[in-house]
Every structure is written in C-alpha cells, then in structure tokens.
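First up is the structure itself, then whatever we jot down about it.
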Amino acid sequence: MNAAPASMLLLVSLLGLWVVIGFLGLIRPTNLRLVAHILFPLGAAVGAAIAAAAAFSMGSPTEQWVLGVGLPDLPAHLRLDPLASVFLFLLGAASAGISLFAAGYFRRGEGALPGLLCLQYHLFLAAMGAVLLADDAYSFMVAWESMALTSYFLVTTQHRIPEIRQAGFLYLLIAHLGAIGILLSFGVMQGGSWQFTFDAMRAADLPPGWASAAFLLALLGFGAKAGLVPMHVWLPEAHPAAPSPVSALMSGVMLKTAVYGALRVSFDLLEDPLWWWGLVAMGLGLFSALYGVVFAAAQTDMKRLLAFSSIENVGLLFTGFGLALTFQSAGMSAPAGLALIAVLYHAVNHAFMKGLLFVGTGAVLHATGQRNLGRLGGLIHRMPWVAWPTLVGALAIAGLPPLNGFVSEWLLLQAFLSAHEVPRLFLNMLLPLGTAVVALAAALAGYVMVKFFGVVFLGRPREATLKDAHDAGWRERLGLLWLAAGCVLFGLLPNQAISLLALVPVQLGILEPGATFGRWWLLDPVAGRQASYAPLVFLVIVLSCVVATIFVVSRVYRRRIRRGAPWDCGFVRLDSRMQDTAEGFGQPIRHIFEPFFGMRRELPRPTDLAPHYRVEISDRIWNGVYVPTAALVQRLALSVAQLQQGRISTYLVYSLVTLLVLLGFAL
Amino acid sequence: MSGLTWLIQVIEVLVALLAAPLFAGWIAQCRAVLQNRTPPSIWVPYRNIRKLLIKEAVLAEHASPLFRIAPYIVFGTMICAAAIVPSMGTNLPFSNAADAIALVGLLATARVFMALAAMDVGTAFGTLGARREMMVGFLAEPALLIVIFVASLISQSTALPTIADRLATESFALYPSLAFTAVAFALVLLAENARLPVDNPATHLELTMIHEAMLLEYSARHLALMEWSAALKLFNYACIGMALFVPWGAATTEMPTAPALMVAIPILALKLLVSGAVLAVAETAFAKLRVFRVPELLATAFLLAVLGLLVHLLLEG
Amino acid sequence: MSTLPLDLQVLNAIAALFLLLAFAMLSQRRVVTLVKLLAMQAALLCAATLLLAWRTGETHLYLSALLTLLLKVLFLPWLLNRLIRRLGVYWDSEPLLQISGTMLVGLLIVIFSFGLAQPIVALASTATRSGIAIAIAVVLLSFLTMITRRKAMSQVVGFLSMENGLFFGAMSATYGMPMIVELGVALDVLVAMLVLGVFFFQIREQFDSLDLHHLESLREDQ
C-alpha cells in the first residue's frame, strides 16, 4: 500500500465517514430524533465537504492509490481524475440538499426502523462514491452491486405493500441484467492480459470487433441502470415506490453514475471509437427522450410523471454522449469537446433539478398523503415554501433562461449545429434531424412541467382535506433552498462551471488544453461561429424591464385592487371539479402521439345510467418485449425442471453418467 | 461599442413598444376592409390600453402572487425580445448576451408564465386555454428552432442581428431552403400569435379560444399589459420574419451611421405595412381550423422546416 | 454562401419546388388538386428543360421542352380531368397511414435518397448534378403516394409523377435522354393512359366504385 495522495485520502475518508454515520444509526435504531436531527444533517455536511473537495481537486493532476484490501492478486485500485471529480461533486452537492430535506422528512418510521434507514441511506451514498473512485473491475463491481443492493432495500422500505415489493423485485432484476452486461464488457476489455485493472484495459489494444462488443455490452449494462429505453421498465415502478428523498437520490445521482460508467468505458478505456457507436447511442438516446416525455405527459401520479421525465433527461444525456462519440470518431475535436461538456453540464443540472422536484413532491406527499394528481391542487397557498422552489425546479427542467436547464440545452444545440460537417455519408443529414427531435423533446418538457406544477400547486384544491395541508419544516426548507440555489447558480455562472468541466475533455485527450470559452460573464464556446450567451446580463435586463414596468404602472396608474369571485364568463356555480384534471391536460399528447401508447378505453354509452370513463395506458415495450420474454423464460425453466424427478435412482443415474463422461475425457 | 449603437438599441426597443399597438390596429383595419366593413380607427388599440390602465383591477379571491406578477413578467420578456430582434439596425449590443436560441427561450418563458397564470385561478376556461396554448407551443417551438437553425447554417451564427446582417450584405442569391423555411415560419407566426386559422383574436366564444381564454380573469392594468404584450409579440415575430427573409434596408454594420438609420425607419414602416396587409389577407382567406387540426398544420410547418434543412445541406452545402 | 451563377441558382430553386410538389401530392386528398399539382410539376419540368437548353445550347432539349409542354402540361391533365368528371371520383378515401405518419416516412425517404445520391453527385460531371438526389427522392415519394392511396385515379397520378421524376433525373445527370428514347417513353405513357382509362370504366362497371380494395376479392379461395 503506497502513500495516498492528499485529495484522494480526503475523499476516501469522507466516504468512510458516511459509512460510520450509517452504522451510528444502529446504536439506537428506534430513536427517530437521533437519526433525523443529528445523523442526516451530518451526512449532508459530509456531502457538502465532498463536493468542495472534488471541485478543488479538479485542477490538480490525476491521483491513483492502491489499497491493501481486495483480492490477493488484485488489490483495490482507486483513481481520482477530472471525470470522477465532476461526478463526485454532483454526488456531494445534490446529496447535501437531499439529506437536509430527509432530516425533516423522516418524521415517522416508514415501515422500517429509522436506524436501519439511516444505515441503508448512507451506505448507498458511500457505494456511489466508491463506484466513481474505482479503478479496477473488481472494486467497481463490488461498489456497483452494493449500490444496487442498498438502493433495493431503500426502495422496498414499505415492504408490506405488495406493489412496492414487486417494484423492488423488477428493479433488482434489471439491475442485475445490467451488471451482467458490465461484467462481460470488462471481461472483453481486458484483452487477454487477464489483469482487470483499468490501466491494463487502457493499454490493451483490442481489434475493432471486440472493441465494438465491449462497447455494446457496456451500453446495454449502463443503459439498463440509467433507464434507457428499452431497459427502462423498472424506473416508473421503483421511483414512486421509494420514499421521496430516496427517489431524489436515485433519479438525481444514481442514474448519473451509469452515465459516468458509459463515459468512462467509451472515452477512457476504449480508444478510437468506430463511426457507428455514437449513432447507436444517439438513436437510443433520442428515442428514450421522446418516449419518456410523451409518457410523462400522460401520467396521473406525480412521481411516475417525474420518473418518466428522468427517462427523458437520461435520453438527452445519451444523445449528447453519442454526438460526442460521433464527432470523436470523425476527428472533429472541438465539437466533440463541446458535446462532452454539454453532457457533463446536463448531468450536474439534472441532479439539482430532479432532486428539487422529487423532494418537492415528497413534501406534498407528506402534507397531503396524496400522490394522485387528481386529488391535489391549490397548494401554493398552503405550502408556499415548497411551491416556489419547486417552481424554480420546474422552470429549470423546462429549459427556460436564465436557469441552468437552458444552458445545457443551449450547449447541446450549439454542438448539433456542427453536425453537418461530419464527413460520413448519411450521418451529416441524419444528425441535424436529431436536432429536431431534441427541440421537440425540450418543448414537450415545458408542457409536462406546466401540467405538473399547474395541477399540483395552482388552481383550487380538488379535495376538501387539502386545506389541512401543512407547510414544510425548517430543515426541509433548507434542503429545498439549497437545491433551488444550485439551479439558479449554475444558470447564472456557466463560464465558471465550464472552465472546470472543460478539464475533462482535456484529460481524456479530446480537447487541447487552454481552450477558452469567452469572458467570465459571457459564454462564447464555438470558435468559428458567432454564438454567445451572457446569463447575468440577460437576467439583469429582464429583471430591470419587469421592475421598471411594475414601478411605472403602479406609480402612474394608482388604483386599488379589489378581490372578488372569479369571472369564469359569468358562471356562478364554479367548483374545483371543473378545472382540468391531469388526464385532461395530457389528452392532446395522448391524441397526437397515439402510436406510442398501448391504450385501452372504456367509453360511456348514451343509455348508461351511471356513466363512467376509463382509460388505461400501458407501455408497449413491456407488453411486447418483457411479458413474452418472461413467458419464454418460464417455459424454459419448466422444461429444465423436468430433470428434478424426485426419485433417488434418477439422481444416481445423473451422477453415474457424469462420472463416465469425465472418465471418458481423461482417456 | 460606440454611443450610437447603444442609442440605436434603446430607440429600437422604444419604437417596438410604441409601434406594436399601431401594427395591431393596422391589421384590424385591413381585415375590416377585406371583410367589407367600415374600418375602425388605427388608434383604437392605444385607446383600449389607456382605458384599461385607469380602471380598478378586480382579482379572484384565491389568485396567488403568481397570477399578479405574471403580466409584468410576460411584458418584461417581450421588451427583452424586442431588444434582440433587429428591426432598424443590425448592430445591437444586447444580442451578444442572448442569441436566437435564447430568444426562443424568452418566448417560451412568456408562454409558460401565461399558461401557469391561467391555471392559477382554477376555472374551466383558464385551464382549457392553458392546455391548448401549450399544445400549440410544443409543436411551434421546434419548428421555429429549425428555421433559425437553417438560417444559422447559412450565415454561420446564431445571433439574430448577425444573421440579418450577413444575409443583407451578401450578394443576392436564391436560397430554396429559406423559401421552405419562410412558409414554415409564416405558419408558426399564425399559430403562436393566435391568429386565424389557428385562433380568432376577435372571438367571444370561449370554447374556441386559445389565447383569449387565458386572459379571461385579468382586468384593468393587468389586462392592458397582457394585450400590449400580445401586440408586442406579433411585432417581434414580424420583425424576426423580416430579419430572416427580407433583411435589406436595415442599417447594417457596414454603415451604422445616422443617415442609414434615417433610411431604415421608413423602410421598416413600409415592410410592416406590407406584412400587416399580407397577414390580414391570410387571415381572411383561411377558415378557422378545428383545434385538433392545428397539430397537423404545425406538423406540416415542422416538416417543411426540416425539408428546408435537408435541401440546404444538399443544394447549398 | 452561394457562389453559383444565376441560372444554376434558378435551377436549384426549381428542383427544390419540384420536391415540395411531390410532398404536397403525398398529403393531398382531393383528386382534382392532385391533377393540378401534377400539371404544375410538369410545368416546372418544362421550365427547367428550357433553362438547361438555353444554358447548354442543345437543340433537342428545346424539342423535349415543347413535347413536355404539349403532352404533360396540357394534354394529360385535360384527359385526367375528363375522366374524373365522367367517373365522378373527386375525393380519395382515408389513406393507409395517417397523414403525419406518411409525411414522416416521406421525410425518411428523402434523407435516404439524398444520402444515396451523394456519391453519384460526386462522380457526375454536369452542372445540375445535385438534381439527381431530388429526382430519386421524387421517384420514391411518388411510389409512396401510390402505396398509400385507395382510389385508382390517385395511383395513376402517382405513376405519372414517378415518370416526371425519372425525366428530371435524366435531365440532371446527362442533359436529357436521346430523342428516340424520349419519344418512345412519351408514346408509352400515352398508350398506358388510354388503356388505363378503359380499365377504369371496366372496374367501375364491375364493382360500382373505383376503390381498389374491391379488387382484393379477386382471390383464389373465392
């Protein structure tokens, strides 16, 4: 075990601190106050420290450390380079806000002991950190599996409900299918040296066929964890089943570790991507983006809506990833660097945005007990401390300037503008078409967010019990404000963030060091093109216009404001059932994108005495791919089960035959 | 940047602010003439705004602060958009801070806030209007982005004044891709500004409304600001169209002097007169579409824009 | 930025309009409008041939333009309109795919043809070689038009549009076909139209409608 470099030692000890905090919860497992008021905020502080350490270590050279633990001939290798630092920053910063929120959220044990929850939560965080630091296949897989296992226990916290158990099982199943893909990919990448360290994989020179196999296996494995269509079916089940802080962590951070894995394999471990790798990734990404957002528009459950929105954003991440790969394979380094920066920026943004939205829904769920959009409404009056930060998150995901979602979307579109220069035959025409799909997905995201925020927080309460809804406590407010501040800061200071993020393409050998992206207040990333964006100036001007308007109007035209009943075209008997339901708001999307949905409708007839309307939307991929595959596996299993006859003499025959065959081989 | 360019920037914003209701009034006059009615005075929109500003505002009891602040935000974003769109000159300092994609984002912000405000009061018509407006928006916005994309590919920039500048100062060339995208842009303009055949701006039938349904609960100064914003939005869209497709006549960077500005203002007025008349003709010639035909119209616009992109890559690349 | 001479720019513009008309035919349901679009397509073809004749100075192109004008712009649309009036088929029934789905497939076909034509365009030697890609796209789009229609009249229009596309392609690639070939093709098209006209009446007499799905009843097991 050699001497540990400073930042690496700091980060590893912070991760270890998370593990310690987790085990501390077991001292008094039923004591909620210890867990909620002391341990979770402590975990949040550790998260913030990790974020700071990772950000500061980005400028320093890559550090490596070999621990003494691990397999006899493969001790654990750890590595801290800019790519890992970016995702460690994401992990620390987002989890700080979410843990702060969780400190106020877990007021009663949710079916599990608080101490156990604390243990699983902090082990989950530590496992994600370990995935980001791992530098050999064994420690990576150990960390990956621990991540899957701890998150499984977190998802099935309320394990007494059968749907939640089923959701957890599906999650674990697909996580393991993905893990098999990743393991096989590592197996291919070691390229005959039988050394499973990442350094050996970097040095291995694979022929193109094997490299492609490794890439596809990695894409499959990491895509299953990230929720790429068609491996996405666990996401809409697992995210609603988990408690809200856990959903926030899974959506905000865990999906990004899968993106980290894909980036690590494609850009670092494999060299010289082939031309079609990026195309496959982009195709899957674009399809996932459209699929996710179209399904999100048709949901009636808050958390399922957000889960599908996560699928959309993962699709956008993989689209940018595929674009960067395509540019890299065509030798266009500046656009490849730009696309990679866009992917990293969007990953960081999404952690904050989606984390914020999920904790907002957690607060709503806590206050009202309702997840169904048809039973909510008008909560902005009762819960302003939740509503306004959630508005910031919703506007950010919709991609509105000057918040952070717009910056990553802008960067991605600027990268796409260089796509027509790719010297490949069909690619230079297909890639600009990708722009159209990205623009469509972004516009639909705005639709989905208006639906989400409008139905939950605006309007009138659809249930009488909603007037008892209570606002969030001070810890939850702190968590919400932290995440909202992240959204705003990353929107207003993109140049500072990009100057750090640009270190990643430089380290991966894509960009030349010293590439500049404009002045501190102006983002100007592309050399040959006049394209710039200055969010601070933008915000100042918009705000000054708004404030000036308010000032002029209220000074010059001083009139009172009188409150009265809503006009509604003179209709007197207005009640809360007359506003749009979630299904109603999603109906145009269902109508336009009908081929995507497997829809079953029951319409009332004119002669019905008690008319009712029922629409059931199911996932075509689930019905068309997963159900038949499961049936096939069941049939195979049943046919293999024939071997288990139950008679001793049959089993003895098996042993005899095996013995004879082995003796035959020895001849 | 010299003092003159800042002056041009401020003047452009003021001109847009003051001339937008005039533009709306001109279109109403043309429509009346085409429909064989006596045209209203061209100053009617100004009188409406003044009348509304001095009235007492009535707000619904349970309207949240979002409802009260939305008109100001919408108005503010429209003024900002006017600062980015080149109408008289193409040397706008503010366009370095926000390019055409940010302009589309600004318009999206206005749309989202209007929709949220409509959903805030919780009436049936408000939410109906919000839903329809977002439906129109999510198809129109990608089409607009692709149109800007094509123009950016031709002029190697995404800043709208730079695009206009380069298209105006280059030697004349026929661009079929711009022709396709011009048709797509015209359809997007009709859809986004709630004109026929997508939405009748003078209708009183609530079930057919898209834009007006979102304004039902506003009164007095809030309604005045919303109406002014709508006029400003139409003005901005007209100027975007002229900058992309008919950019000649504006004061370009080669001659950002006062005489060029003096020439640019009457040319702008002429362009607005002609485009207003063409818009009125288009509105009168087409019947209003059913709401669920509107996505087909916008899908046609989207496909035309993409076709323009492909034609550009093939014939002009 | 474009640096081509003006006549080539006009030819490019004509090619782009040609493509647009093919797309418009894909989405039209009224048969009368389809015939009008076909006539416009042939007019564009005539204009392009004239321009090319003026540019290259080859006289057989003038003859070809005259032939196109007489046959495809004047005679064939008149014949088709007469048939439409006599048969009474003014509207087409619901096409196979939804309009938006058809347009999407059409867009993919355009991308495919453009990509396919790129190496050919690189090899060809004429100045109008980018028209080859448009020609292939128009041929495939007309094929798609024929596939997604139910009435026989619309399918005939699709067939004629395909022929227009082929002609445009020949013109772009090799400055027109030899006169013999052109005259032969024109005669073939004329004869095909007359024969099809006779067929339409027979079909209508047999099934009382020109909806082609009635022809499906002519199967073995019936």
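Considering each of B:289, B:279, B:298 in turn, give the residue that is surrounded by fewer than 21 Cβ atoms within 10 Å (Cβ to Cβ) and more than 7 Å from every other protein chain (Cβ to nearest Cβ). So that I can check it myself, show each step before the final result.
Numbers: B:279 fails: surrounded by fewer than 21 Cβ atoms within 10 Å (Cβ to Cβ); B:298 fails: surrounded by fewer than 21 Cβ atoms within 10 Å (Cβ to Cβ).
On inspection, the qualifying residue turns out to be B:289.
Here are some residues: A:268, A:272. Which one is in a helix (DSSP H, G or I), over 14 Å from the mean Cα position of the chain (by Cα) and in contact (Cβ under 8 Å) with a residue 24 or more places away in the chain?
A:268
Restricting attention to the range B:129-167, and to residues there that are closer than 26 Å to residue A:450 by Cβ, of a type in the set (A, V, I, L, M, F, W, C) and facing chain A (nearest Cβ under 7 Å), which single residue is nearest to the chain's Cα centre (by Cα)?
B:145
Determine if the range C:22-30 includes at least one residue that is away from chain B (no Cβ under 14 Å), at pLDDT 80 or above, surrounded by fewer than 21 Cβ atoms within 10 Å (Cβ to Cβ) and farther than 22 Å from residue C:194 by Cβ.
yes
Assess whether residue B:45 counts as being closer than 27 Å to residue A:566 by Cα, in contact with a Gly (Cβ under 8 Å, 6 or more places away or on another chain), surrounded by fewer than 24 Cβ atoms within 10 Å (Cβ to Cβ) and modelled with pLDDT of 90 or more.
It is true that residue B:45 is closer than 27 Å to residue A:566 by Cα, in contact with a Gly (Cβ under 8 Å, 6 or more places away or on another chain), surrounded by fewer than 24 Cβ atoms within 10 Å (Cβ to Cβ) and modelled with pLDDT of 90 or more.
Is there any pair with a first residue in the range B:215-243 that is more than 14 Å from chain A (Cβ to nearest Cβ) and a second that is assigned to a helix (DSSP H, G or I) and among the polar types (S, T, N, Q) whose Cβ atoms are under 6 Å apart and which are 6 or more apart or on different chains, and what are they?
Close Cβ pairs satisfying both conditions: B:238/B:275.
So if I check each of A:456, A:422, A:348, which one is touching a helix residue (DSSP H, G or I) at 6+ places or on another chain (Cβ under 7 Å) and closer than 19 Å to residue A:295 by Cα?
Details: A:422 fails: closer than 19 Å to residue A:295 by Cα; A:348 fails: closer than 19 Å to residue A:295 by Cα.
On inspection, the qualifying residue turns out to be A:456.
Just to check your reading of the model, which residue among A:606, A:588 is under 28 Å from residue B:291 (Cα atoms) and assigned to a loop (DSSP other than H, G, I, E, B)? Walk me through how you get there before you give the answer.
Values: A:588 fails: assigned to a loop (DSSP other than H, G, I, E, B).
Residue meeting the stated conditions: A:606.
In the range B:89-111, which residue that is under 18 Å from residue B:247 (Cα atoms) and touching a strand residue (DSSP E or B) at 6+ places or on another chain (Cβ under 8 Å) is nearest to the other protein chains (Cβ to nearest Cβ)?
Applying the filter and picking the extreme gives B:99.
Out of all the residues in the range C:97-107, which are under 19 Å from the mean Cα position of the chain (by Cα) and within 12 Å of chain A (Cβ to nearest Cβ)?
C:107
Can you name every residue in the range B:187-227 that is touching a Gly at 6+ places or on another chain (Cβ under 9 Å) and either in a helix (DSSP H, G or I) or more than 19 Å from residue B:108 (Cβ to Cβ) (or both)?
Within the range B:187-227, B:189, B:191, B:192, B:206, B:209, B:211, B:212, B:213, B:214, B:216, B:217 meet the criteria.
Scan the range A:403-440 for residues that are more than 9 Å from chain B (Cβ to nearest Cβ) and in a helix (DSSP H, G or I) and report the count. Spell out how you get there, then give the answer.
Taking the range A:403-440 first, the residues more than 9 Å from chain B (Cβ to nearest Cβ) are A:403-405, A:407-408, A:411-412, A:415, A:418-419, A:421-427, A:430-431, A:434.
Next, from what is left, pick out any that are in a helix (DSSP H, G or I): A:404-405, A:407-408, A:411-412, A:415, A:419, A:421, A:427, A:430-431, A:434.
So the count comes out to 13.
Out of (1) more than 10 Å from every other protein chain (Cβ to nearest Cβ); (2) surrounded by fewer than 14 Cβ atoms within 10 Å (Cβ to Cβ), what's the single condition that is false for residue A:554?
The single condition residue A:554 does not satisfy is (1).
If you go through the range A:558-583, how many residues are more than 7 Å from chain B (Cβ to nearest Cβ) and closer than 25 Å to residue B:221 by Cα? Working first, answer last.
Initially, the range A:558-583 is screened for residues more than 7 Å from chain B (Cβ to nearest Cβ), giving A:558, A:570-573, A:575, A:577, A:581-583.
This time we only want the ones that are closer than 25 Å to residue B:221 by Cα, so: A:558, A:570-572.
Count: 4.
All but one of (1) within 19 Å of residue A:14 (Cα to Cα); (2) surrounded by fewer than 24 Cβ atoms within 10 Å (Cβ to Cβ) hold for residue A:113, so report the exception by its number.
(1)
Take the range A:516-540 and flag every residue that is aliphatic (A, V, I, L, M) and either farther than 24 Å from residue A:325 by Cα or buried (at least 17 other Cβ atoms within 10 Å of the Cβ) (or both). Steps first, answer last, please.
Looking only at the range A:516-540, we keep the residues that are aliphatic (A, V, I, L, M), and these are A:522-523, A:526-527, A:531, A:534, A:536-537, A:539-540.
Those that are aliphatic (A, V, I, L, M) and either farther than 24 Å from residue A:325 by Cα or buried (at least 17 other Cβ atoms within 10 Å of the Cβ) (or both): A:522, A:523, A:526, A:531, A:534, A:536, A:537, A:539, A:540.
Residues to consider are B:130, B:151; find the one that is of a type in the set (Gly, Ala, Ser), crowded, with 24+ Cβ neighbours inside 10 Å, farther than 30 Å from residue A:297 by Cα and touching a Leu at 6+ places or on another chain (Cβ under 9 Å). Before you say what the answer is, go through the steps one by one.
Details: B:130 fails: farther than 30 Å from residue A:297 by Cα.
Unique residue meeting the criteria: B:151.
Scanning the range A:487-515 for residues that are at pLDDT 85 or above and among the β-branched types (Val, Ile, Thr), which turns out surrounded by the fewest Cβ atoms within 10 Å (Cβ to Cβ)?
Among those that are at pLDDT 85 or above and among the β-branched types (Val, Ile, Thr), it is A:488.
Okay, residues lined up against (1) touching a residue at least 24 places away in the same chain (Cβ under 8 Å); (2) assigned to a helix (DSSP H, G or I); (3) in contact with a His (Cβ under 6 Å, 6 or more places away or on another chain):
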position	(1), (2), (3)
B:62	yes, no, no
B:69	no, yes, no
B:72	yes, yes, no
B:76	no, yes, no
B:98	no, no, no
B:102	no, yes, no
B:106	yes, yes, no
B:119	no, yes, no
B:128	yes, yes, no
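The values are calculated or read from the model by the stated rules, or taken from the named source; none is laboratory data. What you see is a predicted model; the values in this text were computed from it and never measured. Every residue, glycine among them, receives a Cβ derived from its backbone with ideal geometry; neighbour counts consider all protein chains shown.
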